[in-house]
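Asks: Below is one structure. I have some questions about it.
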Amino acid sequence: MASIHESTTLKISAMAKKLAASGQDIIDMGVGEPDFDTPKHIVEAGCSSIKNGETRYAPTAGIPELRQAIAEKLCRENSLNLTADDVVVTPGAKMAVFAAIQALLSEGDECLLIGPSWVSYEPCVTFAGGRVAWGSVDSNFMPQNLSESINSRTKLIIVNSPSNPTGSVFDRRVLEEIRDLAVDHNLSVISDEIYEKIIYDHDHVSIGSMAGMADRTVTINGFSKAYAMTGWRLGYLAGPKEPMKWVIRLLSHSVSQATTFVQRAGLVAMKGPQDDVGNMVKEFQVRRDMLIAGLKDLGISCSVPGGAFYLFPDVSAMGGGDAFADRLLKEALIAATPGSAFGPGGADHIRLSYATSQSRIKQSLERIEKIVK
Ligand code: PMP
Ligand code: GLU
């Protein structure tokens, strides 16, 4: 426990909330959380489930109807050949990530992360007694020379496309290269697809659907981002029999299950109208373009991310990620996440979440202008 730090993203979020509560006009571009409300029909489904008395324990792996709906979704949208028995529902995708890593790694094993990666992967690997190897990426955050970071202890690669924190999207060709490495070195793959639906001008591809991958891939997804359900805590994972068996054991002795009425709401999210997702993504794209253009005018360039709701600009000219994030908070009252939170490759960057309104983005650009000029 002593070697693990608290999640930087959640820490910054708590700090931004505290400063805002004390009356400071903080623009929160720190945490990755949609600023939209959970769609009404999903909220109503959760409320009626409580009123109908669905307030008791459910099976550890989840309610059968939701596991079935998830399996159908994974077959239909992701070309994964899975059944309800292969699916486990979790309280948030974070628990799915944690459990999958504990199930797939043993003491001393290595896990390959590809460039700057989400804050919780490395601590989960440490909990499992493993260690992380950082695979290198090019200037567009695409993997390069990954095989150089693989050795006899490597057991797992984590793929996260669209990516947190870079927003990069791996196309089929890139995923095929990762597939080839996984097959050649007999590695497991965790594919964290939580930003699957928040994608612009790209098609999402699930690496688990590629030849040779079904028996070695655990696919993770959840409801937080696509359905603006962060606080509900609902996610899932699906994959081969062996790791899923360990995952169920771990859940049965820790969280027991995802909350019963939340699973009902999730079922309605999955089966109900999907218009809210599309509208949210359209709005995110407008904000992305606005923020990129505004930063460019201020001399801060950044690659155009194909997904998620983050920009990851290089701020080495402003003293690096830690120093600039600190200045943003102190001098501009903007909460941003220093890139170093995402691993050694992120130190020159900051992560800006554009899950905030267009007017707040405009204001943030005005404030940044004042400090960079
Ligand atoms: N994976 C990634 C890449 C994320 O950004 C998040 C966001 N917290 C999660 C997993 C976990 O999401 P949640 O636990 O809210 O479902
Ligand atoms: N995934 C989001 C982020 O990166 C939420 C916070 C967290 O769970 O880390 O900001």
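The values are calculated or read from the model by the stated rules, or taken from the named source; none is laboratory data. Nothing here was measured: the structure is a model prediction, and the numbers come from that model. Positions of Cβ are backbone-derived with ideal geometry, glycine not excepted, and every protein chain shown enters the neighbour counts. Just the protein is used for accessible areas: all its heavy atoms, side chains included, with ligands, DNA and RNA removed. Shrake-Rupley method; radii C 1.70, N 1.55, O 1.52, S 1.80 Å.
Asks: Please give the per residue accessible area of the chain, computed with a probe of 1.4 Å over protein heavy atoms only, in Å². Intermediate values should be presented prior to the final figure.
Replies: Working: 16090 Å² over 373 residues.
Per-residue value: 43 Å².
Asks: Output the pairs from Lys11/Lys197; Lys330/Lys373; Lys40/Lys282; Lys17/Lys225 with a Cα-Cα distance over 23 Å in this structure; if there are none, say none.
Replies: Violating the 23 Å limit, Cα to Cα: Lys11/Lys197.
Asks: Considering all projection directions equally, how large on average is the shadow of the alpha-carbon convex hull of the stretch 119-234, in square nanometres?
Replies: Projected over every direction and averaged, the Cα hull of the stretch 119-234 covers 7.8 nm².
Asks: Then there's this: Using Cα pairs closer than 8 Å and at least 6 residues apart in sequence, work out the relative contact order for the stretch 160-302, in percent.
Replies: Taking the mean separation of contacting Cα pairs over the length of the stretch 160-302, I get 18 percent.
Asks: Let me ask something else about it. Scan the chain and report its longest stretch carrying no chymotrypsin sites (Phe, Trp or Tyr not before Pro) that are both in a DSSP loop and have at most 16 other Cβ atoms within 10 Å.
Replies: Longest stretch, sites excluded: 58-373.
Asks: Restricting to Cα pairs below 8 Å that are 6+ residues apart, what does the relative contact order work out to for the stretch 43-152? Please round to a whole percent.
Replies: Details: 109 pairs, mean separation 18.9, N = 110.
Normalised by residue count, the contact order of the stretch 43-152 is 17 percent.
Asks: Rounded, prolate or oblate: which fits the stretch 259-373, taking a ≥ b ≥ c as square roots of the Cα gyration tensor eigenvalues, rounded meaning a/c under 1.5, else prolate when a/b beats b/c?
Replies: prolate
Asks: Normalised by the number of residues in the chain, what is the relative contact order in percent for Cα pairs under 8 Å and 6+ residues apart? Before the final figure, lay out each step's value.
Replies: Numbers: 744 pairs, mean separation 89.0, N = 373.
Relative contact order, the chain: 24 percent.
Asks: Continuing with the same structure: Non-local amide H neighbours of Thr90 (under 5 Å, H modeled in plane, Pro and chain starts lacking H): which ones?
Replies: Amide H to amide H, under 5 Å and 5 or more residues apart or across chains, Thr90 pairs with Gly235, Tyr236, Leu237.
Asks: Project the alpha carbons of the chain onto their principal axes and report the range along each, largest first, in whole Å.
Replies: Ordered largest first, the chain gives principal extents of 58, 54, 42 Å.
Asks: Oh, and also: Let me know the shape class of the stretch 87-180, please: from the alpha-carbon gyration tensor, a ≥ b ≥ c as square roots of the eigenvalues, rounded when a/c is under 1.5, otherwise prolate if a/b is greater than b/c, or oblate.
Replies: Oblate, because a/c is 1.5 or more while a/b does not exceed b/c.
Asks: For the stretch 204-329, what does the alpha-carbon gyration tensor say about shape, rounded, prolate or oblate, given a ≥ b ≥ c as the root eigenvalues, a/c under 1.5 as rounded, and a/b over b/c as prolate? Walk me through the intermediate numbers first.
Replies: On the way: a/c = 2.03, a/b = 1.78, b/c = 1.14.
Here the stretch 204-329 falls in the prolate category.
Asks: Using every Cα-Cα pair within the stretch 140-191, state what percent have a distance larger than 19 Å.
Replies: More than 19 Å apart: 23 percent of the Cα pairs in the stretch 140-191.
Asks: Mind listing which GluC sites (Glu not before Pro) in the stretch 44-142 are in a DSSP loop and have 14 or fewer other Cβ atoms within 10 Å? Write out the running numbers ahead of the final one.
Replies: On the way: sites: Glu44, Glu54, Glu65, Glu72, Glu77, Glu107, Glu110; in loops: Glu54, Glu107.
Within the stretch 44-142, the qualifying GluC sites (Glu not before Pro) (loop, at most 14 other Cβ atoms within 10 Å) are Glu107.
Asks: Run lengths n ≥ 4 of DSSP H only: what is the helix-derived mean residue ellipticity at 222 nm for the chain, with -39500 (n - 2.57) per run over all residues, to the nearest 500?
Replies: Calculated mean residue ellipticity at 222 nm is -12500 deg cm²/dmol.
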